[in-house]
Amino acid sequence: MERRSDVIVIGGGSVGVCTAYYLAKKNFQVTLIEKGQICSGCSYGNACMIVPSHAMPIPAPGVIKKSLKWIFKEDSPLLIRPQLDRQLFSWFLRFAASCREKPMAKTIPILRDLGRASLLLFRELAAAEDLSFDFKQRGLMTVYSSTAGLEEGKEEAELLSKHGLSVSLLTGDEARELEPALNNTVVGAIYSDEDAHGSSFQFVTGMGTVVKNLGVTVETDTEVTGWLIDRQTPFGVKTNRGDFYAKEIVLAMGSWTPILTSQLGVRVPVQAGKGYSMTMDRPSISPEIPFIHAERKVGVTTIGNRLRFAGTMEFAGLDLSLNKTRMKSIQKGAAEVLSGPEDPSNVEYWCGLRPCTPDGRPIIDRLPNYPNIYLSTGHAMLGYTHGPISGKLMAELINRETPSLSLEALKLNRF
Ligand SMILES: Cc1cc2nc3c(=O)[nH]c(=O)nc-3n(C[C@H](O)[C@H](O)[C@H](O)COP(=O)(O)OP(=O)(O)OC[C@H]3O[C@@H](n4cnc5c(N)ncnc54)[C@H](O)[C@@H]3O)c2cc1C
């Protein structure tokens with residue numbers, strides 16, 4: 001078997017498959033290595049929203065205060081499991097420093113531009129590659145069940161409008177008129193018409209097939225365990241299925257990225273933010289427009305003939321155990337604002353690890369002391385949305401082209 005290529009991409013999630021795609025389109029010989037199956041990581045069970053309007057980063061003024069009342073409660077939207085972990089501690093210090101007006105104002109246009117550029121690429125890919133992933137552009141509603149919540153939402157909407165995002169404020173009745181699946185609990189909503197949605201699993205696995213057809217070698221059930229290095233220069237990777245060689249190597253391993261970079265003595269401040277989803281057969285009343293119940297931080301999306309509730313953020317390291325209390329809190333948070341939810345049938349519970357940076361921006365860069373090793377990680381709540389543009393930017397970086405969007409604010413050395 002030929003185990004030599006121009007570029008190895010590690011990680012078969014939305015970021016990895018899109019990176020392999022845009023590299024293959026530029027005629028690089030690519031090997032995509034995935035420890036499980038394509039789309040078995042965080043890209044599998046997410047809320048499937050493609051959302052340029054989600055430009056508010058997690059670290060924002062007021063978040064620390066709000067989080068303090070939540071963080072040790074089992075059923076809260078944010079949970080931190082106390083751990084003696086120096087990396088996590090220093091991550092939180094950086095996170096706290098980012099919860100200010102100035103860093104947030106810097107991050108909003110960056111996330112907006114990444115989101116908008118990616119949405120255009122989703123459209124292009126859906127047409128050019130004949131991908132079938134139930135892609136729809138029906139916007140996104142953020143719905144509020146309390147007047148206090150709605151007041152906060154209005155402030156957020158004003159800020160997003162100042163940054164050129166198309167958001168409008170709806171009364172409870174207007175929200176129900178637009179989306180009849182919402183019940184009378186909803187007192188108002190913010191609607192963004194430019195957002196879209198579509199099955200993340202079908203998109204990522206579909207792209208897995210597309211890249212194979214473009215000549216990418218896809219190695220699944222193959223776990224990268226270490227580096228092959230000669231005089232400070234990595235020339236390949238060790239895996240449980242033997243060695244693979246390449247001139248350049250991209251780490252698109254989501255939350256697992258720091259495991260490999262630490263072997264090179266490089267610290268990458270990415271922490272896993274665990275989230276849950278619950279997916280069931282589509283009931284008779286099911287929203288056509290995806291929405292987020294703001295107070296509960298739960299997203300609700302109809303994907304084909306299934307309905308998904310998704311949410312919560314838990315910092316507990318690389319732990320993939322399912323916590324029943326947190327799963328129930330998602331179901332409760334969605335049911336509170338949905339019209340007549342029936343008993344769910346054919347339910348699948350899932351959790352995944354969002355790769356989170358302390359400032360809410362991804363890292364798309366080459367490693368400072370290892371110019372043939374590249375990072376594309378830290379996409380947090382937006383890794384499905386930002387998959388295509390991240391792949392395109394990485395291919396441009398490796399091809400030494402001027403990137404379509406500036407990479408300056410996405411560099412590792414900002415930490
Ligand atoms: C509940 C929830 C809801 C979400 N909703 C949305 C949403 O609506 N919209 C949105 O844009 N984003 C959403 N996200 C975030 C999004 O899912 C992630 O940001 C995105 O999946 C990250 O993609 P990735 O490719 O970086 O990582 P992953 O999908 O995790 O892929 C990384 C891959 O690397 C592989 N890997 C790791 N280590 C190794 C190794 N040593 N060797 C080989 N392979 C390895 C893993 O198996 C994995 O498949 C949500 C996340 C959660 C948890």
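From the square roots a ≥ b ≥ c of the eigenvalues of the alpha-carbon gyration tensor of region 271-388, which class results: rounded (a/c under 1.5), prolate (a/b over b/c), or oblate? Provide the component values of the computation, followed by the final result.
On the way: a/c = 2.62, a/b = 2.10, b/c = 1.25.
In terms of gyration-tensor shape, prolate.
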**Q.** Positive-end residue, region 121-242 charge dipole about Cα centroid, Cβ charges, pick of THR185, PHE203, VAL167
**A.** PHE203
Q: Express in whole angstrom the spacing between the alpha-carbon centres of region 268-301 and region 155-231.
A: 11
Q. What 222 nm value per residue comes from the helices of the chain, counting each DSSP H run with n ≥ 4 as -39,500 (n - 2.57) and dividing by all residues, nearest 500 deg cm²/dmol?
A. -9500 deg cm²/dmol
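Sort VAL337, VAL250, VAL347, VAL266 so that the residue with the fewest other Cβ atoms within 10 Å of its own Cβ comes first and the one with the most comes last. Numbers along the way, then the final one.
Values: VAL337 27, VAL250 31, VAL347 12, VAL266 16.
Final ranking by Cβ density, sparse to dense: VAL347, VAL266, VAL337, VAL250.
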Q | Inter-site label distance for TYR245 and THR225 at 7 Å from Cα along Cβ, in nm | A | 2.1
Q | For the chain, built as a Gaussian network whose Cα springs stay under 10 Å, the top-fluctuating residue of ALA316, ALA252, ALA148 | A | ALA148
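For LYS212 and GLU288, compute 0.36 nm times the residue count separating them, minus their Cα-Cα distance, and round to one decimal in nm. Let's see the in-between values first.
Working: separation 76, 0.36 × 76 = 27.36 nm, distance 3.32 nm.
So the extension gain works out to 24.0 nm.
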(Q) Can you bin every Cα-Cα distance in the chain into 20 Å intervals starting at zero and give me the percent of pairs per bin, rounded to whole numbers? (A) 28, 59, 13, 0
Q. Once you put a point 7 Å from the Cα of LEU120 and another 7 Å from the Cα of ASP193, both along the Cβ direction, what distance in nm separates them?
A. 2.0
Q. Any idea what the relative contact order of the chain is, in percent, if you count C-alpha pairs under 8 Å spaced at least 6 apart?
A. 26
**Q.** Length-normalised contact order for region 269-309 - Cα pairs under 8 Å, 6+ apart - percent
**A.** 40
Q) For the chain, with only Lys/Arg (+1) and Asp/Glu (-1) charged at the beta-carbon, what is the dipole magnitude about the Cα centre, in debye rounded to 20? A) 1280
Q | Cα-Cα over 20 Å, subset of LYS66/LYS106; LYS26/LYS392; LYS274/LYS328 | A | LYS66/LYS106
Q: Select from ASP221, ASP113, ASP193 the residue whose mean-square fluctuation is largest in a Gaussian network model of the chain (Cα-Cα springs shorter than 10 Å).
A: ASP221
**Q.** Alpha-carbon centroid distance for the pair region 337-365 / region 41-56, whole angstrom
**A.** 8
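Fewest to most neighbouring Cβ within 10 Å: what's the order for TYR349, TYR370?
Details: TYR349 15, TYR370 18.
Ascending Cβ contact count within 10 Å gives the list TYR349, TYR370.
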Q: Would you please calculate the Kirkwood hydrodynamic radius of region 151-256 over all C-alpha pairs and express it in Å, rounded to one decimal?
A: 19.0
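Please work out the FRET efficiency for the pair ASN372 and GLU348, using the Cβ-Cβ distance as r and a Förster radius of 41 Å; give the result to the nearest 0.05.
Details: r = 40 Å, r/R0 = 0.98.
Between ASN372 and GLU348 the formula returns 0.55.
Applying 1/(1 + (r/R0)^6) with R0 = 30 Å to the Cβ-Cβ distance of ASN399 and GLN137, what FRET efficiency is obtained, to the nearest 0.05? Walk me through the numbers before you get to the answer.
Values: r = 30 Å, r/R0 = 1.00.
The value I calculate is 0.50.
DSSP loop (so not H, G, I, E, B), at most 12 other Cβ within 10 Å: list which GluC sites (Glu not before Pro) in region 332-401 pass both filters. List each step's numbers first, then the result.
Values: sites: GLU336, GLU342, GLU348, GLU396, GLU401; in loops: GLU336, GLU342, GLU401.
Sparse-neighbourhood loop GluC sites (Glu not before Pro): GLU342, GLU401.
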Q: Could you state the angle between the C-alpha long axis of helix 387-398 and the longest principal axis of the C-alpha atoms of the chain, as a value from 0 to 90 degrees rounded to the nearest 10?
A: 30
Q) Counting only DSSP beta bridges with both residues in the chain, what percent are antiparallel, rounded to the nearest 5? A) 70
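The numbers here are math on the coordinates, done by the rules we state, and not lab data. All of these numbers come straight from a predicted model, not from anything done at the bench. Glycine gets a Cβ as well: all are built from the backbone with ideal geometry, and neighbour counts include every protein chain shown.
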